[in-house]
1. Quick check on my link table: of LYS27/LYS113; LYS96/LYS149; LYS105/LYS162; LYS100/LYS145; LYS138/LYS162; LYS105/LYS173, which ones sit more than 24 Å apart, alpha carbon to alpha carbon?
2. Each residue of the stretch 132-138 in order: what ³J(HN,Hα) in whole Hz does its phi give by Karplus 6.51 cos²θ - 1.76 cosθ + 1.60, θ = phi - 60°, with x for Gly and Pro?
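Each reported figure results from applying straightforward, stated rules to the coordinates on display, with no laboratory input. On a predicted model such as this, the values are computed, not experimentally measured, just so you know.
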Amino acid sequence: MGILTKISKKIEDIASETSQYLSGDSKKAYEEQKATEAKKIEKTVEGYTFTKDQLRDLDVLLGQANFVDGRHLWIAGFDNFKANQNVKAANLFSGKKNLKFLSIKDDDFYLMKFDKNVLLPYRVFNVDDVLLVDLTSKMTKSSMKIKFKDDTKFSIDITENKDSVKAIKGMFK
């Protein structure tokens with residue numbers, strides 16, 4: 001086991017123990033996010049197996065996986081539960097494998113994550129399932145929070161495809 005593998009494993013361990021560093025609303029939001037991911041999606045949607053080379057162009061990857069239509073509306077980023085710096089470092093060192101996705105194909109919205117070498121949708125929904133969308137834009141980052149009618153939440157700091165943020169937000173009005 002090489003040193004990079006050991007570092008990667010340690011970072012994964014830190015990221016998986018995130019909840020112990022959280023408190024109050026941040027911990028509750030984190031647990032709700034994990035509960036959302038653990039739920040079975042109502043529509044049967046298969047994950048898409050990808051190669052490491054395909055991670056270089058996420059737009060093409062999502063198109064090949066059939067999770068976007070011709071508009072190519074999607075965003076990706078990292079969980080933002082206001083945890084300590086270790087989780088941010090874990091996201092930094094883990095590259096794209098901790099990204100969470102929101103993509104749109106026709107009238108369906110997909111929440112997805114990477115699970116090893118599979119792009120896995122864990123929730124499919126439409127506009128009617130959404131209670132509130134909050135977009136926060138600052139000079140250095142944009143964040144999107146979606147609260148669903150079943151009281152679950154999706155919240156990320158957007159790092160990929162930032163150009164689609166306003167178009168996606170506009171779809172929820």
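1. Details: LYS27/LYS113 20 Å; LYS96/LYS149 29 Å; LYS105/LYS162 18 Å; LYS100/LYS145 12 Å; LYS138/LYS162 12 Å; LYS105/LYS173 17 Å.
Flagged as over cut-off: LYS96/LYS149.
2. After applying 6.51 cos²θ - 1.76 cosθ + 1.60, I find 8, 10, 10, 10, 10, 10, 10 Hz.
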